[in-house]
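The values are calculated or read from the model by the stated rules, or taken from the named source; none is laboratory data. All figures in this text were calculated on a predicted structure; none of them were measured in a lab. Don't worry about glycine lacking a Cβ; one is built from the backbone with ideal geometry, like all the others, and counts go over all protein chains shown.
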Amino acid sequence: MYSFYMDKMQLPVAPSKLQLKVSNGNKTITLIDMGEVNILKSPGLSEISFEVMIPQQQYPFAVYKDGFKEASYYLEELERLKLSKTPFMFKVSRLSPSGQFIFDTEMNVALEDYTVDESADNGLDLNVSIRLKQYRDYGTRKYVVSKAAIQAQRPAPEPAKTYVVKSGDTLWGICKKNLGDGSKYAEVAKANGIKNPNLIYPGQVIKLG
């Protein structure tokens, strides 16, 4: 036994056939000298289609959860689901002939389209073709980044460059070799508290920046 629900509406007669199409998101490309390569991606949105009879009169095989309702009720509900532009729950419940629960299929869907067919072969009853499409929530993701995390990502400042004076060194030569500009000797002397740039001694540690 099958029970079909669209939002809160139970269809009075369960469709005899249900088609579920799972779209493939994979992509095949051709690489030079390597042939085809299949790039695996997440599957696309599933599509559900079925035909259902909407009776104009009460039949013993039809199910009316809250009492008999005319076909106009179901047509109005279909119109509401289509015009609301909001997703809803589609559910198929399965029971064994003995009434034992088997399993349910539940999916958030949108009503893509439906076609109402009136035929003399069906008397006053209606046949409705329905096509649903799976709906997935989406939106902008927000990330909270702590101040500590930002500081952790920043590179640590480089330690100040120093130079240990060797015998025969001059302050001008040290600046020329390490800073690329010997004329910076006066600036370096001032930063290191050296009153006479011409007087430096071996073992003296000089900060260069």
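Overview of values
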{"quantity": "Residues of the range 42-74 satisfying the condition of being among the hydrophobic types (A, V, I, L, M, F, W, C) and without any contact (Cβ under 8 Å) to a residue 12 or more places away in the chain", "calculated": "Phe68"}
{"quantity": "Subset of the range 188-209 (residues that are in contact (Cβ under 8 Å) with a residue 40 or more places away in the chain and within 60 Å of the chain's Cα centre (by Cα))", "calculated": "Val205, Ile206, Lys207, Leu208, Gly209"}
{"quantity": "Residues (exposed (fewer than 10 other Cβ atoms within 10 Å of the Cβ) and of a type outside the set (Phe, Trp, Tyr)) located in the range 183-209", "calculated": "Gly193, Lys195, Asn196, Gly203, Val205"}
{"quantity": "Positions within the range 46-98 being on the phi > 0 side of the Ramachandran plot and small (Gly, Ala, Ser), in sequence order", "calculated": "Gly67"}
{"quantity": "Failed item, numbered, when Lys85 is tested on (1) of a type outside the set (Val, Ile, Thr); (2) farther than 19 Å from Asp7 by Cα; (3) at pLDDT 85 or above; (4) part of a loop (DSSP other than H, G, I, E, B)", "calculated": "(2)"}
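So that you can scan it fast, the table gives a plain yes or no per residue for (1) among the aromatic types (Phe, Trp, Tyr); (2) within 29 Å of the chain's Cα centre (by Cα); (3) in the same structural domain as Val13 (by TED's automatic domain parsing); (4) farther than 22 Å from Pro55 by Cα:
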site	(1), (2), (3), (4)
Ser72	no, no, yes, no
Leu75	no, no, yes, no
Thr86	no, yes, yes, yes
Met89	no, yes, yes, yes
Val92	no, yes, yes, no
Asp104	no, yes, yes, yes
Glu118	no, no, yes, no
Leu124	no, no, yes, no
Lys142	no, yes, no, yes
